[in-house]
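> Just passing along the structure, written as structure tokens.
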Amino acid sequence: MLKLAAAFSTLAAFAPFVASQSAVWGQCGGIGWSGASTCASGSVCTYSNAYYSRRCTLTVGTGSGGGGTAPSSTVSSPSPTGSGGLPVGTSTSKLNTVAKAAGKTYFGTATDNSELTDAAYTAILDDNTEFGQISPANSWKWDATEPSQGDFTFTQGDAILSLAKGNGQLLRGHNCVWYNQLPSWVNSLSGSALSSAMVNHCTTLLTHYKGDTYSFDIVNEPFNDDGTWRTDVFYNSLGTSYVNTVLTAARTADPSTKLYINEYNLEYPSGKSDSMLSLVQSLQAADVPLDGIGFQGHLIVGQVPTTFQSQMEEFTALGLEVAITELDIRMTLPATAALYEQQKTDYQNVVAACNAIEKCVGITIWDFTDKYSWVPSTFPGSGAALPWDSNLVKKPAFDGIVAGFA
Ligand code: XIL
């Protein structure tokens, strides 16, 4: 294990940047990718999926998840076995209760409108001692709220608002500007017409939910893994200043919500995390409002970076808060007892990383049951990423989360 950690830190810290090679964990292919397609020594370009492209994964020290970093601590007690022979979670603690006892603002989950008719599901979702915060998985996105220009519809979004309000749960707004789930009419605009449409969309969205959210993902996924800007319609037409423009508009629309930039793959040092740090510094130098960075946390069992805490601290050192906003830790199916135990360790380590940082305000899992996870359809062959299984039975991962707050 130590050997593996050392191997990773050596690769991560000292691999020289070579333009023709992607760094370990870096992007090396996929839709729209024009960067390097070969990987730094000790890693190999591995298909992830069209959405998350391809990444350079380590070829050394393969563990149960197929290679990666060693966990910084382990959960040793074996879990009892449930039906199907897989171990189950046994903690009777409630996640939001333990998070708040540890000084966090919330422990939360994403949910989606189509799931709210499932009574067994909502019985867990509605318990604000389990979940003190809700994120709308889809119904606040641009395609859902402004499918044609100027034609706003908040019926689905408001159902999530009512649910959270009724349950006494905080809301994280998600999201305002993102290249994905973007209605096609936006892609046909440019210049001032695009800028006005973007400002109008975000202003209308944040005004509609004014005073209702704890925080709001204003910009989602602005960078490629190598740290270059994502070449979406916003960057292509408006350059980097679209971020300044939309953050400023968001502050005016709802001065009470915390403004976030939200990204994946910030959990280890990379071109992407370097670019995010530079962006934060340039926004701060220009007095552009920004309160937090969201670490999405779409992770893989056995490959959770040991650098998660230090990466979050890079941003809190700049005066921002951080949050883990979309946590799930997927495995290659079929699930095994060993993978479940490793996943428990992985959840514990991620939660402990946030717990160790005062300005890591909370953790959101990207839904709580494998029944409704986005993972199997996005990462074919992977799944079982969440702390409740598809029968709404707690997995060892649940106990890992509780242990992470201890
Ligand atoms: C996902 C949803 O969970 C899916 O239902 C949808 O089909 C695609 O988007 N990063 C984000 C989230 O910021 O909005 C994405 O949510 C997951 C990746």
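The values are calculated or read from the model by the stated rules, or taken from the named source; none is laboratory data. Note that the coordinates shown come from a computational prediction; the quantities given were computed from them, not determined experimentally. Please note that ligands, DNA and RNA were not included when accessible areas were found on the heavy atoms of the full protein model with its side chains. Shrake-Rupley method; radii C 1.70, N 1.55, O 1.52, S 1.80 Å.
> Can you give me the relative contact order of the range 95-404 as a percent, contacts being Cα pairs under 8 Å and 6 or more apart?
Worked out over the range 95-404, it gives 16 percent.
> May I pose another question? From the alpha carbon gyration tensor of the range 166-244, can you work out the equivalent ellipsoid semi-axes (sqrt of 5 times each eigenvalue) and give them in Å, largest to smallest?
Rounded to whole Å, the semi-axes are 25, 16, 10.
> Just want to confirm a number: the relative contact order over the range 218-302, from Cα pairs under 8 angstrom separated by 6+ residues, in percent.
It comes to 38 percent, rounded to a whole number.
> Separate question: Quick query: amide H of residue 328 versus all other amide H atoms, modeled in the peptide plane; which residues come in under 5 Å with a sequence gap of 5 or more or a different chain?
298, 299, 366
> When the Cα atoms of the range 285-406 are enclosed in a convex hull and the volume is divided per residue, what value in Å³ results?
Spread over its residues, the Cα hull of the range 285-406 gives 108 Å³ apiece.
> Taking a cut-off of 30 Å between Cα atoms, list the lysines near residue 94, but don't count ones fewer than 8 places away on the same chain.
104, 141, 165, 210, 258, 344, 359, 371, 394, 395
> Moving on to the next point. If I compute solvent accessible area with a 1.4 Å probe over the protein chains, what percent of it on the range 257-406 is carbon and sulfur?
Solvent-exposed carbon and sulfur of the range 257-406 make up 50 percent of the total.
> Follow-up question, since we're still on this one. Can you put 332, 129, 369 in order of accessible area, largest first, using a 1.4 Å probe?
So, going from the largest accessible area down, we get 332, 129, 369.
> Let me ask another. Using modelled backbone amide H atoms (1.01 Å from N, in-plane), which distant-in-sequence or interchain residues come within less than 5 Å of residue 230's amide H?
So residue 230 has HN proximity to 223, 224.
> Still on this structure, I have one more. Please compute one quarter of the surface area of the Cα convex hull for the range 95-404 and express it in square nanometres.
For the range 95-404, averaging the hull's shadow over all directions gives 14.4 nm².
> Out of all DSSP beta bridges in the range 195-320, what portion is antiparallel? Express it as a percent rounded to 5.
Once the DSSP bridges in the range 195-320 are tallied, antiparallel ones form about 10 percent.
> Moving on to the next point. ³J(HN,Hα) across the range 189-198 via Karplus (A = 6.51, B = -1.76, C = 1.60, θ = phi - 60°), whole Hz, x for Gly/Pro?
9, 7, x, 5, 5, 5, 4, 5, 5, 5
> Continuing with this model, one more query. Which whole-Hz ³J(HN,Hα) couplings does the range 319-326 yield from phi under the Karplus relation 6.51 cos²θ - 1.76 cosθ + 1.60, θ = phi - 60°, glycine and proline marked x?
Per-residue couplings from phi come out as x, 8, 8, 10, 8, 8, 9, 8 Hz.
> Can you work out the Karplus-derived ³J(HN,Hα) for every residue in the range 233-250? Use 6.51 cos²θ - 1.76 cosθ + 1.60 with θ = phi - 60°, whole Hz, and x for glycine or proline.
Residue by residue, the range 233-250 yields 4, 5, 5, 4, 9, 10, x, 5, 5, 4, 5, 4, 4, 6, 5, 5, 5, 5 Hz.
> Taking amide H atoms as placed 1.01 Å from N in the peptide plane, list the residues 5 or more away in sequence, or in a different chain, whose amide H sits under 5 Å from that of residue 290.
For residue 290, whose amide H was placed from the backbone, there are no distant partners under 5 Å.
> Would you mind calculating the relative contact order of the range 123-191 from Cα pairs under 8 angstrom and at least 6 residues apart, reporting the percent as a whole number?
Here the relative contact order equals 43 percent.
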